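Structure, as structure tokens:
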Amino acid sequence: MKNRIKVLRAERNWSQAELADRINIARQSLNAIENGKADPSLPLGMRIAKVFGARVEDVFGED
Amino acid sequence: MAYSRKGRLIFRGALFAVAAAWAAFVLLLHPSRNLVPYVAVAVLIVCLVLAIRAFLYLDEVEQARRLRVASYGAIFGVWVTTSFLLFLTIQPSMLEGLADMLIRHRPHLPLEYFGLGVMAAISAQCLCGLLASLVLRLKPAA
């Protein structure tokens, strides 16, 4: 699944480790999600969207 | 149980420590063979509990990956074990040779052959799990 995590993270100047700490997952897992190698569950997707202050559909999706 | 890097490291470290202690025990106390099976069962249970606790401290992405690796490893392990055991039944001299190499007394008891079979199965599962882990780690993203 495509996502905008990398863009949103860059906008906030957060490192992968920093974001991983905020959403309480391993940095490697965040890297896998960011690169589309793994799909997060809905609760985790919502958690990611929440730390960015965005909606889930703004973070994840084809566009 | 929530993801915790510290918790995962503690339980994984404990797992490796128990496994290392078990290897040392077998090497040092191998002659007292009456004790080995009982300690083996205890060590296996402790290792299982530690592995489950370490697994529960992983995050959901890692848990899914580990389960995928374990599934592939288990299937491959069953195939390897079955092939190995079938080969030993076709070549009984190989079975005797293997038993002589690991247990240095004769005659061998049926329980010892059973123990060797279980050991072969568990070893194959562990090795195939590690192999699956390596292969899936190297596999490029779909």
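The values are calculated or read from the model by the stated rules, or taken from the named source; none is laboratory data. The model shown is predicted, which means the values in this text are computed figures rather than measured ones. In this analysis, Cβ positions are derived from the backbone assuming ideal geometry, glycine residues included, and neighbour counts consider all displayed protein chains.
Taken together, B:Arg53, B:Arg68, B:Arg5 contain a single residue that is closer than 30 Å to A:Arg22 by Cβ and crowded, with 17+ Cβ neighbours inside 10 Å, which is B:Arg53. Selection of first residues in the stretch B:128-142 that are more than 10 Å from every other protein chain (Cβ to nearest Cβ) and of second residues that are at pLDDT below 75, restricted to Cβ pairs under 9 Å at least 6 apart or on distinct chains, gives an empty result.
The C-beta contact set for the stretch A:27-47 (first residue within 10 Å of B:Ala64 (Cβ to Cβ), second residue assigned to a helix (DSSP H, G or I) and of a type in the set (D, E, K, R), distance under 6 angstrom, 6+ apart or interchain) comprises A:Ser29/B:Glu62; A:Ser41/B:Glu60. Being of a type in the set (A, V, I, L, M), in a helix (DSSP H, G or I), away from chain B (no Cβ under 11 Å) and over 22 Å from B:Ser4 (Cα atoms): is that true of A:Leu8 here? Taking the combined requirement at face value, the residue satisfies it.
Return the residues of the stretch B:58-74 that are facing chain A (nearest Cβ under 10 Å) and touching a helix residue (DSSP H, G or I) at 6+ places or on another chain (Cβ under 8 Å); say none if nothing qualifies.
Start the filter on the stretch B:58-74 by keeping residues that are facing chain A (nearest Cβ under 10 Å), which leaves B:58-65.
Matches in the stretch B:58-74: B:Leu58, B:Asp59, B:Glu60, B:Val61, B:Glu62, B:Gln63, B:Arg65.
Take the stretch A:11-30 and flag every residue that is in a loop (DSSP other than H, G, I, E, B) and either surrounded by fewer than 17 Cβ atoms within 10 Å (Cβ to Cβ) or away from chain B (no Cβ under 13 Å) (or both). If the condition is that a residue be in a loop (DSSP other than H, G, I, E, B) and either surrounded by fewer than 17 Cβ atoms within 10 Å (Cβ to Cβ) or away from chain B (no Cβ under 13 Å) (or both), then A:Asn13, A:Trp14, A:Ser15, A:Asn24 are the ones that fit.
Selection of the stretch A:31-49 for residues being more than 7 Å from every other protein chain (Cβ to nearest Cβ) and assigned to a helix (DSSP H, G or I) yields A:Asn31, A:Glu34, A:Leu42, A:Pro43, A:Gly45, A:Met46, A:Arg47, A:Ile48, A:Ala49.
Being in contact with a Leu (Cβ under 8 Å, 6 or more places away or on another chain) and either closer than 30 Å to A:Ala38 by Cβ or surrounded by 13 or more Cβ atoms within 10 Å (Cβ to Cβ) (or both) is true for just one of B:Leu88, B:Leu58. Which residue is that? So that I can check it myself, show each step before the final result.
Values: B:Leu58 fails: in contact with a Leu (Cβ under 8 Å, 6 or more places away or on another chain).
None of the others qualify; the one that does is B:Leu88.
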